[in-house]
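I have placed the structure first, in the form of structure tokens, so that the comments after it can refer back to it.
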Amino acid sequence: MMSSIKRMTKALVRGQGATRHTSASRRAVASLFALMMFVVLPAQTRAVKTLDIYVVDVEGGNATLFVSPSGESVLIDSGNAGAGAVRDAERIMAAVRDARLTQIDNLITTHWHGDHYGGMAELSARIPIRNFIDHGPNVQPAAATDEFLQKTYPQLYGKGKHAVARPGDRISVAGMNVLVVTSAGETIKAALPGAGGANPYCASFKPGDNNAEDPMSVGTYVTFGTFRAIHLGDLTKNKEFELMCPTNRIGTVDLLLGLHHGQDTSNSEVLVHALRPRVAIMNDGTRKGGQPEVMKTLHSSPGLENLWQMHFSQLSGQEYTVPGLFIANVIDEPLVAMPVAPISAPPPGPNGPPAPVHNGTAYWIKVSAQADGSFSVTNARNGFTKRYGASAR
Ligand SMILES: [Zn+2]
Ligand SMILES: [Zn+2]
């Protein structure tokens with residue numbers, strides 16, 4: 001039934017291209033097509049053959065939605081807590097609606113920081129979430145998080161299933177492969193197929209500082225045909241080293257996602273340069289991430305064709321930022337120009353000056369990947385799309 005519908009549709013589309021139709025017959029073809037889509041296709045069946053990835057603007061938090069051609073989905077993180085929770089849940093829902101999802105099949109919460117799980121309850125009130133996946137208990141003192149984990153979280157996953165991820169676990173998603181490569185401070189022990197070579201960047205590695213929760217991040221490696229992407233949550237430098245040294249257990253990727261908002265507690269050359277991403281998409285905020293050290297690592301990363309950023313970051317300035325064409329979001333108060341010099345990040349805590357706010361219209365960056373490894377990236381703010389051919393790998 002389905003395949004005969006697809007053949008009919010193809011024939012109609014071909015027919016449209018091959019001959020000149022009157023506008024009436026074109027209208028008839030269009031309405032027949034719309035009727036078939038409406039009547040025959042169940043909600044989760046998609047007409048597209050691409051893996052689509054929406055990097056949603058959650059203001060220096062994380063929410064990255066993967067939608068397989070099968071219609072099954074994985075959301076990595078759910079945005080900010082507190083005043084940002086409704087805003088971020090609505091922004092995720094905009095991507096969910098664009099992808100025509102009626103449920104989120106898998107929600108991976110990388111770790112227990114408010115910018116990663118904070119929108120979960122609001123999101124769960126808007127769309128069913130089936131599988132809740134995390135690294136296990138919170139390891140950082142935080143009363144609000146402990147309360148969430150004791151009271152709210154069990155109610156949310158009580159409507160679905162709950163699983164604690166371990167490195168090497170596969171998350172079942174029809175049409176794409178999803179592999180956990182880090183969780184709860186552990187990494188995969190064996191190299192992925194085709195990977196495992198010596199990593200030349202290990203020799204110059206410098207350990208970094210970190211809090212307790214970031215290194216616990218669930219890291220996810222996604223493949224679709226020959227297309228490869230990785231999202232390591234907020235995994236910090238020392239764990240990057242454990243994952244990538246002395247041998248590179250991941251190999252190379254087409255797309256590097258997340259980058260811990262572009263902060264300099266992550267993004268060592270051991271990781272970034274060795275992965276050799278062709279494209280990186282940084283989930284930075286208006287004054288979070290994109291510091292000079294990280295930008296230098298990215299701008300000098302071998303084989304990197306483009307860095308895309310969720311935000312203009314004051315920590316980059318014109319000196320280090322990418323062209324605005326590759327940046328999805330501005331701030332509510334329009335700026336005439338971005339200052340040339342980056343500013344330094346104020347010390348963390350409630351006493352610093354507030355970052356520029358962006359509560360208005362937000363735009364995602366959307367990746368559409370083909371099974372042959374080619375993909376396109378679109379900036380929803382300005383409509384700019386760039387296509388990347390299949391890699392020669
Ligand atoms: Zn924003
Ligand atoms: Zn974070």
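The values are calculated or read from the model by the stated rules, or taken from the named source; none is laboratory data. These figures come from a predicted structure and were not determined experimentally. All Cβ positions, glycine included, derive from the backbone under ideal geometry; neighbour counts span all protein chains shown. Ligands, DNA and RNA are stripped out before the accessible areas are found, and what is left, the full protein with its side chains, is counted by its heavy atoms. Shrake-Rupley method; radii C 1.70, N 1.55, O 1.52, S 1.80 Å.
Within segment 281-296, if we keep just the residues that are outside any loop (DSSP other than H, G, I, E, B) and within 20 Å of the chain's Cα centre (by Cα), the residue that is nearest to V367 (Cα to Cα) turns out to be I281. The residues on offer are S301, S344, and the sole one that is under 22 Å from the mean Cα position of the chain (by Cα), among the polar types (S, T, N, Q) and surrounded by fewer than 23 Cβ atoms within 10 Å (Cβ to Cβ) is S301. Set side by side, the residues T378, T361 differ, and just one is outside any loop (DSSP other than H, G, I, E, B) and of a type in the set (V, I, T), which is T378. The lone criterion from (1) part of a loop (DSSP other than H, G, I, E, B); (2) farther than 21 Å from E90 by Cβ; (3) of a type outside the set (A, V, I, L, M, F, W, C) left unmet by D332 is number (2). Summed over segment 324-339, the residues that are over 14 Å from S313 (Cβ atoms) and surrounded by fewer than 12 Cβ atoms within 10 Å (Cβ to Cβ) give a count of 5. Search segment 88-104 for residues being among the charged types (D, E, K, R) and open to solvent by 20 Å² or more (accessible area, probe 1.4 Å), and hand back the single one that is nearest to D234 (Cα to Cα). Of everything passing the filter in segment 88-104, R91 is nearest to D234 (Cα to Cα). One residue stands out in segment 99-121 among those that are under 17 Å from N131 (Cβ atoms) and hydrophobic (A, V, I, L, M, F, W, C): the one that is nearest to ligand 1 (Cβ to nearest atom), namely M120. Looking across segment 108-131 at every residue that is within 13 Å of ligand 2 (Cβ to nearest atom) and open to solvent by 10 Å² or more (accessible area, probe 1.4 Å), the one that is nearest to R87 (Cα to Cα) is identified as G118.
Does T252 satisfy being part of a loop (DSSP other than H, G, I, E, B), within 16 Å of ligand 2 (Cβ to nearest atom) and over 17 Å from I365 (Cα atoms)? Spelling it out, it is not the case that T252 is part of a loop (DSSP other than H, G, I, E, B), within 16 Å of ligand 2 (Cβ to nearest atom) and over 17 Å from I365 (Cα atoms). Taking the criterion of being in contact with a strand residue (DSSP E or B) (Cβ under 7 Å, 6 or more places away or on another chain) and more than 16 Å from ligand 2 (Cβ to nearest atom), the residues of segment 197-237 that qualify are G197, A198, N199, Y221, V222, T223, F224, F227, A229, I230. Among the residues making up segment 281-294, a single one is of a type in the set (A, V, I, L, M), touching a helix residue (DSSP H, G or I) at 6+ places or on another chain (Cβ under 6 Å) and either under 20 Å from V377 (Cα atoms) or within 16 Å of ligand 1 (Cβ to nearest atom) (or both): M282. Once segment 44-87 is narrowed to residues that are closer than 19 Å to V180 by Cβ and of a type in the set (S, T, Y), the residue that is surrounded by the most Cβ atoms within 10 Å (Cβ to Cβ) is S78. Within segment 46-60, being more than 10 Å from ligand 1 (Cβ to nearest atom), part of a loop (DSSP other than H, G, I, E, B) and not polar (S, T, N, Q) holds for R46, A47, V48, K49.
Is it fair to say N177 is open to solvent by 30 Å² or more (accessible area, probe 1.4 Å) and assigned to a strand (DSSP E or B)? Show your work before the answer.
Numbers: open to solvent by 30 Å² or more (accessible area, probe 1.4 Å): yes; assigned to a strand (DSSP E or B): yes.
Criteria met by N177.
Here V270 does not fit the description of being open to solvent by less than 10 Å² (accessible area, probe 1.4 Å), of a type in the set (A, V, I, L, M) and closer than 18 Å to P348 by Cβ.
L307 fulfils the conditions (1) in contact (Cβ under 8 Å) with a residue 24 or more places away in the chain; (2) more than 20 Å from A362 (Cβ to Cβ); (3) touching a helix residue (DSSP H, G or I) at 6+ places or on another chain (Cβ under 9 Å) except for a single criterion, (2). The residues of segment 196-238 that are of a type in the set (S, T, Y), within 22 Å of G168 (Cβ to Cβ) and not in a strand (DSSP E or B), listed by number, are S217, T226, T236.
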